[in-house]
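So the structure is just underneath, and the comments pick up after that.
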Amino acid sequence: MSVDLSHHGDADLVPGLVDLAVNVRSGGTPDWLVRRIRDTDLAGYPDQREAAAAVAGRHGRAAEEVLLTAGAAEAFVLLARALRPRHAVVVHPQFTEPEAALRAAGHRVDRVILPFPFTLDPGLLPQDADLVFVGNPTNPTSVAHPRDAVLGLVRPGRIVVVDEAFADCLPGERESVAGVSDLTGLIVIRSLTKTWGLAGLRVGYLLGAPDTVRLLADAQPLWAVSTPALAACVATASAPALREAGEWAAALAAERAHLLSRLRAVSGIRVVPDAAASFVLLETQVADIRARLLGRGFAVRRGETFPGLGPGWIRVAVRDAETCDQFAAALAATVGQRLDSGA
Ligand SMILES: Cc1ncc(COP(=O)(O)O)c(C=O)c1O
C-alpha cells in the first residue's frame with residue numbers, strides 16, 4: 001500500500017479539540033529554558049563550540065563525535081545526501097522522515113516491516129543492508145528495543161542510524177546507545193523537540209565516529225544551528241536539566257500506566273504492549289475511528305500513514321489522568337463497547 005510519508009501528527013490536530021495527536025511535551029517549554037533561550041546575543045554568528053562540548057560531555061563522548069543540527073529532521077537529510085548506500089533499509093513502522101529523506105536524495109529504500117508487537121528482530125534485516133534506520137523507542141509503536149538488539153545490527157560495512165528522539169522518555173535512558181563510541185558505523189540521532197517542547201526552535205544533534213561527523217558537517221549549510229538553539233543545547237545538557245528530564249520521565253511513566261489501565265478496560269481494541277514513550281499505539285476494528293473520535297472532541301494521530309499499519313490504528317499521546325479517563329470513555333463509546341470500571 002502506498003502511504004503519505006510526509007504526513008505528521010500536527011496535521012491531525014484540530015483547534016478546539018483535546019490534542020492527543022501531537023507527541024511533543026504538553027505544557028510547552030519550561031519557563032527557565034525559555035529565559036535561557038531568549039537571553040542570547042542575536043547580533044553575532046553562532047559559535048557551536050560550547051554547545052558541542054556540552055552535548056559531548058552529557059553523553060561521555062568527544063566533541064568531534066557531535067554534530068549539532070537543526071532538529072533530527074536535518075540530520076536525516078544530511079545522512080541521505082552525504083552517504084552513498086547500495087542497499088538502504090528502514091525498519092517500520094517508524095517515523096517516516098528518514099525514508100522520505102532517503103528517497104528525496106535518490107536512494108532506493110527497502111522496508112523491513114516488523115510484525116505485531118513490533119519488537120526488533122535483527123534476523124529480519126537483509127545481510128547486505130549497508131545503511132539501516134531504526135527508531136528507539138519507536139514512533140508510533142512506543143516500543144523500546146533492547147539496546148543489545150540495536151547494537152547487534154552493527155557489522156562491518158554497515159551504518160546503523162538509531163533515531164533516539166524519544167530516548168529520554170525512559171527513566172535513565174535505559175536502552176540508549178548514545179554513549180557507545182567504540183562501534184564504527186553506529187550513528188545516534190537525538191532531538192530537543194519532544195522532552196523540552198522545542199519543536200519551533202529546530203534543534204537536535206547526531207553522535208558518530210569523527211570521520212562521519214566531518215563528512216556530514218561538510219554537507220551542512222553554514223550556521224545551520226542558531227545561537228538560541230545552541231543555548232538550548234547547553235542548558236538541557238546541564239545536570240539540573242537532566243534531573244528534570246528524569247523526573248518528567250518518571251511522571252510520564254505513571255500517567256502512561258494510568259492510560260494503559262483505562263485502555264485495558266475497553267474491549268475490542270488491541271494495544272501495543274510495553275509502551276515506553278509519550279504515546280501509545282492501538283488498533284481498533286473501526287476504519288474511520290479518527291473521524292469518529294473527532295466527533296467526540298478528541299484529535300488522535302492516524303496510523304495508516306505509517307508503513308505496516310492500516311486504517312483503524314491510532315496513536316494516542318499520554319496526558320494527565322483526567323484526560324486519559326475521558327478519552328478511554330470516548331473510545332469505548334466509539335468502538336461500541338462497554339467500559340468496565342476500575343480494571
Ligand atoms: C521519531 C522522531 N524522530 C525525529 C522527529 C523529528 O524531530 P525534530 O523536531 O528534532 O526534527 C520526530 C518528530 O515527530 C519523530 O517522531
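The values are calculated or read from the model by the stated rules, or taken from the named source; none is laboratory data. Computed from a predicted structure; not experimentally measured. A quick note on method: Cβ atoms are made from the backbone with ideal geometry, for glycine too, and the neighbour counts reach across all protein chains shown.
Listing for the model above:
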| item | result |
| --- | --- |
| Verdict on SER6 being in contact with a helix residue (DSSP H, G or I) (Cβ under 7 Å, 6 or more places away or on another chain), within 15 Å of the ligand (Cβ to nearest atom), modelled with pLDDT under 80 and of a type outside the set (D, E, K, R) | yes |
| Selection within the range 188-213 - over 26 Å from PRO140 (Cβ atoms) and in contact (Cβ under 8 Å) with a residue 12 or more places away in the chain | ALA209, PRO210, THR212, VAL213 |
| Listing of strands (runs of 3 or more DSSP E) fully contained in the range 252-343 that carry 3 or more residues being within 22 Å of VAL14 (Cα to Cα) and either hydrophobic (A, V, I, L, M, F, W, C) or modelled with pLDDT of 95 or more (or both) | 279-284, 298-302, 313-317 |
| Residue within the range 103-118 that is buried (at least 18 other Cβ atoms within 10 Å of the Cβ) and in a helix (DSSP H, G or I) present | no |
| Of residues in the range 151-162 being out of contact with any Asp or Glu (no Cβ under 9 Å at 6 or more places or on another chain) and outside any loop (DSSP other than H, G, I, E, B), the one nearest to TRP196 (Cα to Cα) | VAL162 |
| Residue list for the range 129-160, filter: within 16 Å of the ligand (Cβ to nearest atom) and either in contact with a Lys or Arg (Cβ under 9 Å, 6 or more places away or on another chain) or among the aromatic types (Phe, Trp, Tyr) (or both) | VAL132, PHE133, ASN136, ASN139, PRO140, THR141, SER142, ALA144 |
| Residue tally, condition buried (at least 24 other Cβ atoms within 10 Å of the Cβ) and without any contact (Cβ under 8 Å) to a residue 12 or more places away in the chain, over the range 134-160 | 0 |
| Output for the range 196-214, where each listed residue is in a helix (DSSP H, G or I) and within 11 Å of the ligand (Cβ to nearest atom) | TRP196 |
| Selected residue (only one of ASP163, ASP182 is within 23 Å of LEU78 (Cα to Cα), touching a residue at least 60 places away in the same chain (Cβ under 8 Å) and either surrounded by fewer than 22 Cβ atoms within 10 Å (Cβ to Cβ) or within 11 Å of the ligand (Cβ to nearest atom) (or both)) | ASP163 |
| Residues (out of contact with any strand residue (DSSP E or B) (no Cβ under 8 Å at 6 or more places or on another chain) and modelled with pLDDT of 95 or more) located in the range 122-137 | GLN127, ASP128, PRO137 |
| Identity of the residue in the range 170-179, in a helix (DSSP H, G or I) and in contact with a helix residue (DSSP H, G or I) (Cβ under 6 Å, 6 or more places away or on another chain), that ends up farthest from the ligand (Cβ to nearest atom) | PRO171 |
| Unique residue being touching a residue at least 40 places away in the same chain (Cβ under 8 Å), under 17 Å from ALA209 (Cα atoms) and within 16 Å of the ligand (Cβ to nearest atom) when the list is PHE76, PHE95 | PHE76 |
| Residue count, the range 185-195 (criterion: within 14 Å of the ligand (Cβ to nearest atom) and over 18 Å from ARG243 (Cα atoms)) | 3 |
| Those residues of the range 180-195 which are more than 23 Å from ALA253 (Cβ to Cβ) and either touching a Lys or Arg at 6+ places or on another chain (Cβ under 8 Å) or not in a loop (DSSP other than H, G, I, E, B) (or both), in sequence order | SER181, GLY185, LEU186, ILE187, ILE189 |
| Tally, over the range 43-72, of residues that are buried (at least 21 other Cβ atoms within 10 Å of the Cβ), at negative phi and within 14 Å of the ligand (Cβ to nearest atom) | 5 |
